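For reference, the structure discussed in these notes is given below.
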There are 2 protein chains.
Amino acid sequence: MQDRKFLLFIMDGVGDRPIPELNNKTPLEAAKTPTMDKLAELGITGHMHTIGRGITPGSDTAHLALFGYNPYEVYTGRGPFEAAGTDLPVKPGDIAFRTNMATIKDGVVIDRRAGRISQGTREIEEALQNITIEDVETIFKVGIDHRAALVLRGPGLTSDVTGNDPKIENKKPKHIIGTSSEAEKTARILNQYIKQASEIMEPLEINQKRINNDKLPANYLLVRGAGKSPHLESFSTKYGLTAECVAGGGLYKGVASICGMKINDNHYGTGGIPTDISSKVKAAIESLERVQFVFLHVKGTDNMGHDNKPIQKMEFIDEIDIAIEPFFDLLPETLICITGDHSTPCVMRDHSSDPLPILIVGEGVRPDHVNEFGERSTMRGGLGHIIGQDIIPTMLGLAGRVHKFGA
Amino acid sequence: MQDRKFLLFIMDGVGDRPIPELNNKTPLEAAKTPTMDKLAELGITGHMHTIGRGITPGSDTAHLALFGYNPYEVYTGRGPFEAAGTDLPVKPGDIAFRTNMATIKDGVVIDRRAGRISQGTREIEEALQNITIEDVETIFKVGIDHRAALVLRGPGLTSDVTGNDPKIENKKPKHIIGTSSEAEKTARILNQYIKQASEIMEPLEINQKRINNDKLPANYLLVRGAGKSPHLESFSTKYGLTAECVAGGGLYKGVASICGMKINDNHYGTGGIPTDISSKVKAAIESLERVQFVFLHVKGTDNMGHDNKPIQKMEFIDEIDIAIEPFFDLLPETLICITGDHSTPCVMRDHSSDPLPILIVGEGVRPDHVNEFGERSTMRGGLGHIIGQDIIPTMLGLAGRVHKFGA
């Protein structure tokens, strides 16, 4: 029984509310989901409050809770997770910033996105490597278009610093200041780094070419969203399980990565729509051959909620249901949990605190009487109302992997 | 309403999982339980997580939780409960040890159980009374066969000491040492006590007889499992209820005793199988005439789970159901709760974190729609998912014995 495997499948923002144009069903209830319905029939179901009742989770805090961490204890801001999601190797204690490459002229920010620069940014990334200021190491990594991540690593740093982004164009960048008594060093180093980086960026070949082509050069960095990378007990230490993550969106990979999961990018998922769900399912099954725990994430359901597109949300769930048919081949040895990270009701166009349907299926589960996977059917499921942090302990308990407390 | 009585009936390890040879029913679901089913119909049911979701309880921590104590706050190890279960009057702050009577020869332990001595050990118990070392009182009490309990009582003692049991025969006993800076005194006293006890035991008449009959003498004590008796608020102070315990197993009597319950041993229960459940039920009913709260414990269901004997587990539940028919005579004045301390699924051969069915019946209860007492039927019960610590407060609330919080 100790060799059981675990699959946590998250449909981002899947939970919703009754929608008149879907005959007052939710997108999940209205979708054609023979696979999920059968898994609900074989398994035990319930309602899941990711962080707690009446709490609307962010994407980062939601996934921390799903992985069994208390977000109130460990969450320090989105920056470190975003940085980790760009493959930047964030370590506990690092200070991470979301960063824009921008255009400065005569001390004034004339474009916060350097003319939405999209090509050739690797040259900038390479030019900004190995900059050390005092005893602080800096790591800079470009993302998509003008976006990048910056990490400061060294003793005595804090995230209590302002950013330098003026937020509107044709203004001077702000001087970065510390907001606590220990933050003077971090602010000093950051101001100096930005000055030094600008001097390095200005003469780069890419910028000379851009100027020659009447494009704005990327000669300045705007930083914001300072966050200290949290000191998390690693997932493998916490549970004694090796783990991999299959996701498209950077944030989800970032949370998984900071928890110590390896990232399996061997798929064609995009972190949006359109995407290739089947290739992700295939990757997750490959991961399960290597490791004990796999986190599989699909994002599109959330996007359709934010955009108030209930029919497209329903159709995307139809697609998911077909793509996850191979889950049946994993049963009963693998314990599979299907749920979401939060509800994103179309009518809200945003996350909500509505609980989500959840199912757990696999050997050892006591099946309840629910044979349909939807918001209303699972209200009477055998798991009752469960919080996100209890999901993995519940699955481990089913597999006999929980230590006895007492004797 | 203030004269209402309370009966908590625990079937140890009763919870289980679907078992193929029982037609995918659990032993409780497959058993013939007209009494429990009727009580479920008259009462309110649900699922009970003894300590919390995804936590596998030990027997000691489980019963602390069922009695309303937070085991994370009060649990200090099994030793004191075992000692208290042998009628040894353990007090808060006492250091208790599980003890073997052994045979030593030329400084070497040649039998860790003194030839499994079974008769005449009272002579040893009597000979070892009233030994005081420095300012520390010692209390020694024999149990079944070679087993005994030792308690040290006095100022400045700690449980941070090793034992002297070499674990294998034909080795010297280990020298006891302290594992913290405050433990030097406890180790010194314990080493001296063991030396002194051996000198007293050696010449006893029982040992001379054993030697004459080619049996090994019980001339040495091996101690292990040091535990400091916890400072618990007594059950009667906590709830304002007089309380008695009817149980066979020493550990259960020990936990009840340390909580301040009186032990009613006026029955033929054995703490195992075979046992006389009816005589325990009779004793519990007699206890209810004397006191307000009675804890009734039956052990065999757990044994059959540990031994992976689902049919015997089912048949034992059949017997329990017949034996508890007199519960009907207690209704409605007595509030009766039936549940277990943890699941012991046959397939696991050990405790698990699976929740247990629970029912509460008696005057004031709002009956739900469940009319069968089993793992699946109670999933939809009116109590929902309840933790062990909330059981007694729920029963007290039904009886109007809970103080108003606020005005």
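Considering only region A:45-52, I want to know if a residue exists there that is surrounded by 19 or more Cβ atoms within 10 Å (Cβ to Cβ) and under 30 Å from residue A:168 (Cβ atoms). Show your work before the answer.
Of the residues in region A:45-52, the ones surrounded by 19 or more Cβ atoms within 10 Å (Cβ to Cβ) are A:45-51.
The next check asks that each one be under 30 Å from residue A:168 (Cβ atoms); those that pass are none.
No: zero hits.
β-branched (Val, Ile, Thr), farther than 27 Å from residue A:265 by Cβ and touching a strand residue (DSSP E or B) at 6+ places or on another chain (Cβ under 7 Å), is that true of residue A:103? Walk me through how you get there before you give the answer.
On the way: β-branched (Val, Ile, Thr): yes; farther than 27 Å from residue A:265 by Cβ: yes; touching a strand residue (DSSP E or B) at 6+ places or on another chain (Cβ under 7 Å): yes.
Yes, satisfied.
Against the definition (touching a strand residue (DSSP E or B) at 6+ places or on another chain (Cβ under 6 Å), of a type in the set (S, T, N, Q) and surrounded by fewer than 20 Cβ atoms within 10 Å (Cβ to Cβ)), how does residue B:192 come out, yes or no?
So residue B:192 fits the description; yes.
Mind counting the residues in region B:277-313 that are farther than 20 Å from residue B:250 by Cα and buried (at least 24 other Cβ atoms within 10 Å of the Cβ)?
Residues that pass the stated criteria total 1.
Before we move on, is residue B:111 under 21 Å from residue B:207 (Cα atoms), more than 28 Å from the chain's Cα centre (by Cα) and not polar (S, T, N, Q)?
Working: under 21 Å from residue B:207 (Cα atoms): yes; more than 28 Å from the chain's Cα centre (by Cα): yes; not polar (S, T, N, Q): yes.
Judged against the criteria, residue B:111 is a match.
State the number of residues belonging to region B:397-407 that are β-branched (Val, Ile, Thr) and either buried (at least 20 other Cβ atoms within 10 Å of the Cβ) or in contact (Cβ under 8 Å) with a residue 24 or more places away in the chain (or both). If you could, list the steps in order and put the result at the bottom.
Initially, region B:397-407 is screened for residues β-branched (Val, Ile, Thr), giving B:402.
Within this subset, residues satisfying the condition of being either buried (at least 20 other Cβ atoms within 10 Å of the Cβ) or in contact (Cβ under 8 Å) with a residue 24 or more places away in the chain (or both) are none.
Counting residues in region B:397-407 that are β-branched (Val, Ile, Thr) and either buried (at least 20 other Cβ atoms within 10 Å of the Cβ) or in contact (Cβ under 8 Å) with a residue 24 or more places away in the chain (or both) gives 0.
Suppose we keep only residues that are buried (at least 22 other Cβ atoms within 10 Å of the Cβ) and under 30 Å from residue B:252 (Cβ atoms) within region A:385-396. Which one would you say is farthest from the other protein chains (Cβ to nearest Cβ)?
Residue satisfying both the conditions and the ranking: A:396.
Provide a single number: the residues in region B:239-263 that are in a loop (DSSP other than H, G, I, E, B) and within 25 Å of residue B:227 (Cα to Cα). Quick ask: steps written out before the conclusion?
So the first thing to find is which residues in region B:239-263 are in a loop (DSSP other than H, G, I, E, B), and the list is B:240-242, B:247-249, B:259-261.
Now drop any that are not within 25 Å of residue B:227 (Cα to Cα), which leaves B:247-249, B:259-261.
Counting residues in region B:239-263 that are in a loop (DSSP other than H, G, I, E, B) and within 25 Å of residue B:227 (Cα to Cα) gives 6.
What number of residues in region B:235-256 are more than 17 Å from residue B:401 (Cα to Cα), surrounded by fewer than 23 Cβ atoms within 10 Å (Cβ to Cβ) and either aliphatic (A, V, I, L, M) or modelled with pLDDT under 95 (or both)?
Summing the residues that are more than 17 Å from residue B:401 (Cα to Cα), surrounded by fewer than 23 Cβ atoms within 10 Å (Cβ to Cβ) and either aliphatic (A, V, I, L, M) or modelled with pLDDT under 95 (or both) in region B:235-256 gives 4.
Name the residues in region B:56-92 that are among the small types (Gly, Ala, Ser) and either surrounded by fewer than 24 Cβ atoms within 10 Å (Cβ to Cβ) or within 9 Å of chain A (Cβ to nearest Cβ) (or both), would you?
Answer for region B:56-92, where residues must be among the small types (Gly, Ala, Ser) and either surrounded by fewer than 24 Cβ atoms within 10 Å (Cβ to Cβ) or within 9 Å of chain A (Cβ to nearest Cβ) (or both): B:58, B:59, B:62, B:68, B:77.
Which is more than 26 Å from residue B:17 (Cβ to Cβ) and surrounded by fewer than 22 Cβ atoms within 10 Å (Cβ to Cβ), of A:32, A:38? Please lay out each step first, then the result.
Values: A:38 fails: more than 26 Å from residue B:17 (Cβ to Cβ).
On inspection, the qualifying residue turns out to be A:32.
Quick one: is residue B:299 closer than 23 Å to residue B:264 by Cα and away from chain A (no Cβ under 14 Å)? Can you show your working first?
Working: closer than 23 Å to residue B:264 by Cα: yes; away from chain A (no Cβ under 14 Å): yes.
It is true that residue B:299 is closer than 23 Å to residue B:264 by Cα and away from chain A (no Cβ under 14 Å).
Can you name every residue in region B:70-120 that is of a type in the set (Ser, Thr, Tyr) and closer than 16 Å to residue B:211 by Cβ? Spell out how you get there, then give the answer.
From region B:70-120, those of a type in the set (Ser, Thr, Tyr) are B:72, B:75-76, B:86, B:99, B:103, B:118; that's our starting set.
Answer for region B:70-120, where residues must be of a type in the set (Ser, Thr, Tyr) and closer than 16 Å to residue B:211 by Cβ: just B:103.
Exactly one of these conditions fails for residue A:375: (1) of a type outside the set (Phe, Trp, Tyr); (2) within 12 Å of another protein chain (Cβ to nearest Cβ); (3) part of a loop (DSSP other than H, G, I, E, B). Give me its number.
The one condition residue A:375 does not meet is (2).
Could you tell me how many of the residues in region B:174-188 are at pLDDT 95 or above, assigned to a loop (DSSP other than H, G, I, E, B) and in contact with a Gly (Cβ under 8 Å, 6 or more places away or on another chain)?
Within region B:174-188, residues that are at pLDDT 95 or above, assigned to a loop (DSSP other than H, G, I, E, B) and in contact with a Gly (Cβ under 8 Å, 6 or more places away or on another chain) number 2.
Across region B:191-220, what is the total count of residues that are touching a residue at least 40 places away in the same chain (Cβ under 8 Å) and in contact with a Phe, Trp or Tyr (Cβ under 8 Å, 6 or more places away or on another chain)?
3
For region A:264-313, how many residues are among the polar types (S, T, N, Q) and part of a loop (DSSP other than H, G, I, E, B)?
6
Identify all residues within region A:128-173 that are on the phi > 0 side of the Ramachandran plot and acidic (Asp, Glu); write none if there are none.
Hits for region A:128-173 are A:134, A:145.
Condition check ((1) among the polar types (S, T, N, Q); (2) assigned by TED's automatic domain parsing to the domain that holds residue A:293; (3) at pLDDT 95 or above) across all residues:
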site: A:305; (1), (2), (3): no, yes, yes
site: A:309; (1), (2), (3): no, yes, yes
site: A:348; (1), (2), (3): no, yes, yes
site: A:352; (1), (2), (3): yes, yes, yes
site: A:357; (1), (2), (3): no, yes, yes
site: A:385; (1), (2), (3): no, yes, yes
site: A:403; (1), (2), (3): no, no, no
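Among the numbered criteria (1) part of a loop (DSSP other than H, G, I, E, B); (2) surrounded by fewer than 23 Cβ atoms within 10 Å (Cβ to Cβ); (3) within 8 Å of chain B (Cβ to nearest Cβ), which one does residue A:366 miss?
It is condition (2) that residue A:366 fails.
Please enumerate the residues belonging to region B:314-363 that are within 25 Å of residue B:59 (Cα to Cα), part of a loop (DSSP other than H, G, I, E, B), away from chain A (no Cβ under 14 Å) and small (Gly, Ala, Ser).
B:340
The values are calculated or read from the model by the stated rules, or taken from the named source; none is laboratory data. Since we're looking at a predicted model, the values are computed, not measured. In this analysis, Cβ positions are derived from the backbone assuming ideal geometry, glycine residues included, and neighbour counts consider all displayed protein chains.
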